[in-house]
Amino acid sequence: MALNKITPKELYEKMKQENVTLLDVRAEEKYKAYHLEDSNIESLNIPKTHILNHTFEAETNSLPKGKEIIVACTTGNSASRCAAILSEKEYNATVLEGGITAWKEFIITK
């Protein structure tokens, strides 16, 4: 199954037009140190280990069904694995290409 992907630029444009749910799957410390913030972003943090080990069921109450969820990690690899699991559970998961690293680079150059 092919995963949906969104580039940092596409995410930036989307944020200007609508509310976005962003699931950051990095460790809590990394999330607290830096995460995407905007008035149009609902930012959630569920560490990837919870998703990869399928121990996140209690936390999924905060994830919307039927609405796109942008999944981000440091470079995009873990986010892809997490998005695949979420997609199997019928969430509309999209991966941020290049992760938070690509986002930071985009913001500097935009």
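Per-structure values
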read-out	value
Backbone N under 16 Å from the residue 43 label point (7 Å along Cα→Cβ), restricted to segment 74-110	74-75, 96, 99-108
Amide hydrogen neighbours beyond the local backbone of residue 74, cut-off 5 Å, H modeled	100
Zero-based 5 Å bins, Cα pair distances in segment 51-93, whole percents	5, 24, 34, 27, 9, 1
Between 0 and 90°, nearest 10: helix 99-109 axis offset from the chain longest Cα axis	10
Those residues of segment 20-42 whose amide nitrogen sits under 19 Å from the label point placed on residue 89, 7 Å along Cα→Cβ	21-28, 42
Computed log₁₀ I(q)/I(0) - Debye formula, equal Cα scatterers, no solvent, segment 1-53, q 0.15, 0.21 Å⁻¹	-0.50, -0.88
Net charge over other residues, Cβ less than 12 angstrom from the Cβ of residue 71 (K, R count +1; D, E count -1)	+1
In sequence order, calculated HN-Hα J values of segment 35-42 (Karplus, 6.51, -1.76, 1.60; Hz; x Gly/Pro)	8, 5, 10, 6, 5, 9, 10, 9
Estimated dipole of the chain in Debye, rounded to 20 [Cβ of Lys and Arg +1, of Asp and Glu -1, Cα centre]	220
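Computed from the coordinates by the stated procedures, all read-outs in this text should not be read as laboratory data. Just so it is clear, the structure is predicted and the values come from calculations on it, not from any experiment. Quick reminder, even Gly has a Cβ in these numbers, built from the backbone with ideal geometry, and neighbours come from all protein chains shown.
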